[in-house]
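I'd like to ask some things about the structure below.
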Amino acid sequence: MTLNSFFSLSSEINRALQTGLPIVALESTVITHGLPQPQNIQLARDMEAAVKREGATPATIALLEGKIRIGLSDEELARLAGAKTALKVSHRDFATAIVKKASGGTTVAGTMFAANNAGIKVFATGGIGGVHKESSFDISTDLRALAETPMIVVCAGAKAILNLPATLEYLETMGVPVVGYQTNTFPEFYSRDGNLNVSVRLDSPKDVADFAQAHWSLGMRSAVLVANPVPETDAIPKSEMEPIIARASKEAQEKKIRGQALTPFLLQRISELTNEKSMRANLALLLNNAQLAAQISKALVVNQKRRDI
Ligand code: PSU
Ligand code: MN
């Protein structure tokens with residue numbers, strides 16, 4: 001698919017695309033559903049600033065009044081963060097938002113769909129969705145999008161609220177490389193001390209760019225998932241998180257919270273149970289991922305130029 005009238009790109013993003021500047025896509029479900037106010041708008045601004053500081057252009061993606069917007073102004077970002085009834089937009093929800101002229105935050109899957117159509121290759125999020133613990137049939141569309149979309153997705157692993165071994169098995173089945181960034185083990189969102197394996201360890205932005213180009217040059221169409229551990233200063237040991245996650249998960253089951261509402265419920269409940277320590281880890285890893293994604297987007301552009309010579 002090419003960009004049609006449902007899409008609208010900011011002039012800054014248009015210019016960056018035309019001149020081949022490094023661009024980093026940023027998701028917006030974390031703004032509309034993943035974080036409370038006012039931390040959400042602060043985080044959205046800080047992520048954009050982190051990308052700019054590295055010399056890349058941020059492209060926050062969202063639905064605004066039924067348009068798929070790529071690159072938001074600060075006023076639009078604030079409007080989205082303050083919206084009372086924003087949709088959570090994954091693949092199946094785009095048409096809903098369009099016909100209802102609604103606004104919403106795009107999930108990892110939704111952001112990948114929009115960014116890929118615009119020709120953006122690098123994307124930063126917090127943690128991808130995956131197979132839920134509460135029901136093994138609740139599998140995030142994020143996993144399907146990762147299987148089908150040739151982009152580099154920088155995350156801090158999958159959210160620890162998930163069944164992580166099952167999530168990694170699914171990614172293996174779908175042929176999605178899981179890169180440990182400066183780590184041999186898969187980071188577990190809030191924690192660095194997990195013991196699941198990644199498929200390859202890479203240690204620099206250039207190595208990630210080279211890896212992705214080799215992957216796609218072979219004709220592979222999947223994403224390259226880059227798992228970047230939460231910064232040490234904000235990491236929470238797994239042993240501390242496990243009982244809290246178990247309690248939040250039990251409450252979700254008792255309250256019969258399912259579908260799109262499950263992930264936001266768990267993130268918020270865990271934040272309450274940790275006196276916001278988990279939210280601070282979440283904010284730190286999001287910024288860390290924006291920074292690394294910007295570095296990788298620059299390395300990709302450098303490689304591209306070298307090939308064009
Ligand atoms: N990362 C975060 N916070 C979030 C998310 C990611 O730090 O809220 C969002 C992403 O948009 C991801 C979504 O796609 O959670 C997963 O939702 P679900 O499990 O319903 O697919
Ligand atoms: Mn789900």
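Scan the range 90-103 residue by residue and report those that are within 16 Å of ligand 2 (Cβ to nearest atom) and surrounded by 20 or more Cβ atoms within 10 Å (Cβ to Cβ).
Once the filter is applied, which keeps residues that are within 16 Å of ligand 2 (Cβ to nearest atom) and surrounded by 20 or more Cβ atoms within 10 Å (Cβ to Cβ), the range 90-103 yields S90, D93.
Turning to a different aspect of this structure: Restricting the search to the range 36-55, which residues are touching a Gly at 6+ places or on another chain (Cβ under 8 Å) and surrounded by 17 or more Cβ atoms within 10 Å (Cβ to Cβ)? Working first, answer last.
Let us first name the residues in the range 36-55 that are touching a Gly at 6+ places or on another chain (Cβ under 8 Å), namely 37, 40-41.
N40, I41 - these are the residues of the range 36-55 that are touching a Gly at 6+ places or on another chain (Cβ under 8 Å) and surrounded by 17 or more Cβ atoms within 10 Å (Cβ to Cβ).
Counting only residues that are at pLDDT 95 or above and among the small types (G, A, S), which one in the range 159-176 is farthest from H215 (Cα to Cα)?
Taking the range 159-176 as the starting set, the residues that turn out to be at pLDDT 95 or above are 162-176.
Then drop every residue that is not among the small types (G, A, S), which leaves 166, 175.
Values: A166: 24, G175: 11 Å.
If we take residues in the range 159-176 being at pLDDT 95 or above and among the small types (G, A, S), then A166 is farthest from H215 (Cα to Cα).
Within the range 277-285, does at least one residue satisfy the condition of being surrounded by fewer than 14 Cβ atoms within 10 Å (Cβ to Cβ), away from ligand 1 (no atom under 11 Å from the Cβ) and more than 30 Å from F113 (Cα to Cα)? It would help to see each step written out before you state the result.
Just the residues of the range 277-285 that are surrounded by fewer than 14 Cβ atoms within 10 Å (Cβ to Cβ), to begin with: none.
Within the range 277-285, not a single residue is surrounded by fewer than 14 Cβ atoms within 10 Å (Cβ to Cβ), away from ligand 1 (no atom under 11 Å from the Cβ) and more than 30 Å from F113 (Cα to Cα).
Residue under question is A158, and the condition is that it be within 13 Å of ligand 2 (Cβ to nearest atom), free of Cβ contacts under 8 Å to residues at least 40 places away in the same chain and buried (at least 24 other Cβ atoms within 10 Å of the Cβ); does it hold? Explain how you work it out, then say what you get.
Working: within 13 Å of ligand 2 (Cβ to nearest atom): yes; free of Cβ contacts under 8 Å to residues at least 40 places away in the same chain: yes; buried (at least 24 other Cβ atoms within 10 Å of the Cβ): yes.
Spelling it out, A158 is indeed within 13 Å of ligand 2 (Cβ to nearest atom), free of Cβ contacts under 8 Å to residues at least 40 places away in the same chain and buried (at least 24 other Cβ atoms within 10 Å of the Cβ).
When the range 74-96 is examined, which residues are found to be small (G, A, S) and either within 20 Å of the chain's Cα centre (by Cα) or within 11 Å of ligand 1 (Cβ to nearest atom) (or both)?
Residues of the range 74-96 small (G, A, S): 78, 81-83, 86, 90, 95.
The answer is A78, A81, A86, S90.
Sort through G105, G126, G82, G66 and tell me the only one that's at pLDDT 95 or above and on the phi > 0 side of the Ramachandran plot.
Details: G105 fails: on the phi > 0 side of the Ramachandran plot; G126 fails: on the phi > 0 side of the Ramachandran plot; G82 fails: on the phi > 0 side of the Ramachandran plot.
Exactly one residue qualifies, and that residue is G66.
Let me ask something additional. Looking only at the range 129-152, which residues are among the charged types (D, E, K, R), more than 16 Å from K250 (Cα to Cα) and more than 10 Å from ligand 2 (Cβ to nearest atom)?
R144, E148
While we're on this one: When you go through A290, A294, A235 one by one, which is the residue that is in contact with a Lys or Arg (Cβ under 6 Å, 6 or more places away or on another chain), under 25 Å from V154 (Cβ atoms), more than 16 Å from ligand 2 (Cβ to nearest atom) and hydrophobic (A, V, I, L, M, F, W, C)? Steps first, answer last, please.
Details: A290 fails: in contact with a Lys or Arg (Cβ under 6 Å, 6 or more places away or on another chain); A294 fails: in contact with a Lys or Arg (Cβ under 6 Å, 6 or more places away or on another chain).
Step by step, each of A290, A294, A235 is checked, and only A235 is in contact with a Lys or Arg (Cβ under 6 Å, 6 or more places away or on another chain), under 25 Å from V154 (Cβ atoms), more than 16 Å from ligand 2 (Cβ to nearest atom) and hydrophobic (A, V, I, L, M, F, W, C).
Okay, moving on. Please tell me if I244 is without any contact (Cβ under 8 Å) to a residue 60 or more places away in the chain and within 18 Å of L164 (Cβ to Cβ). Step through it out loud before you land on a result.
Values: without any contact (Cβ under 8 Å) to a residue 60 or more places away in the chain: yes; within 18 Å of L164 (Cβ to Cβ): yes.
So I244 passes the test.
Go through the range 1-35 and report how many residues are assigned to a loop (DSSP other than H, G, I, E, B) and either in contact with a Ser or Thr (Cβ under 9 Å, 6 or more places away or on another chain) or surrounded by 23 or more Cβ atoms within 10 Å (Cβ to Cβ) (or both).
Number satisfying all stated conditions: 6.
Here's another thing I want to ask about it. Regarding A248, is this residue surrounded by 15 or more Cβ atoms within 10 Å (Cβ to Cβ) and either at pLDDT 95 or above or within 14 Å of ligand 1 (Cβ to nearest atom) (or both)?
Values: surrounded by 15 or more Cβ atoms within 10 Å (Cβ to Cβ): yes; either at pLDDT 95 or above or within 14 Å of ligand 1 (Cβ to nearest atom) (or both): yes.
When the stated conditions are applied, A248 passes them.
Now for a separate question. For the range 191-212, indicate whether the set of residues that are at pLDDT 95 or above, closer than 20 Å to G34 by Cβ and either surrounded by fewer than 23 Cβ atoms within 10 Å (Cβ to Cβ) or under 18 Å from the mean Cα position of the chain (by Cα) (or both) is non-empty.
Looking through the range 191-212, at least one residue is at pLDDT 95 or above, closer than 20 Å to G34 by Cβ and either surrounded by fewer than 23 Cβ atoms within 10 Å (Cβ to Cβ) or under 18 Å from the mean Cα position of the chain (by Cα) (or both).
Within the range 69-76, can one find any residue that is among the hydrophobic types (A, V, I, L, M, F, W, C) and in contact with a helix residue (DSSP H, G or I) (Cβ under 6 Å, 6 or more places away or on another chain)?
Step one: filter the range 69-76 for residues among the hydrophobic types (A, V, I, L, M, F, W, C), giving 70, 72.
Filter once more, keeping what is in contact with a helix residue (DSSP H, G or I) (Cβ under 6 Å, 6 or more places away or on another chain): 70.
Checked against the condition, which is being among the hydrophobic types (A, V, I, L, M, F, W, C) and in contact with a helix residue (DSSP H, G or I) (Cβ under 6 Å, 6 or more places away or on another chain), the range 69-76 yields at least one hit.
Let me ask something else. Would you check if there is a residue in the range 56-64 being in a loop (DSSP other than H, G, I, E, B) and surrounded by fewer than 23 Cβ atoms within 10 Å (Cβ to Cβ)? I'd like the intermediate steps shown before the answer.
Step one: of the range 56-64, the residues in a loop (DSSP other than H, G, I, E, B) are 56.
Next, from what is left, pick out any that are surrounded by fewer than 23 Cβ atoms within 10 Å (Cβ to Cβ): none.
For the range 56-64, residues in a loop (DSSP other than H, G, I, E, B) and surrounded by fewer than 23 Cβ atoms within 10 Å (Cβ to Cβ): absent.
The values are calculated or read from the model by the stated rules, or taken from the named source; none is laboratory data. Only a predicted model underlies this, so the values are computations on that prediction, with no experimental measurement involved. In this analysis, Cβ positions are derived from the backbone assuming ideal geometry, glycine residues included, and neighbour counts consider all displayed protein chains.
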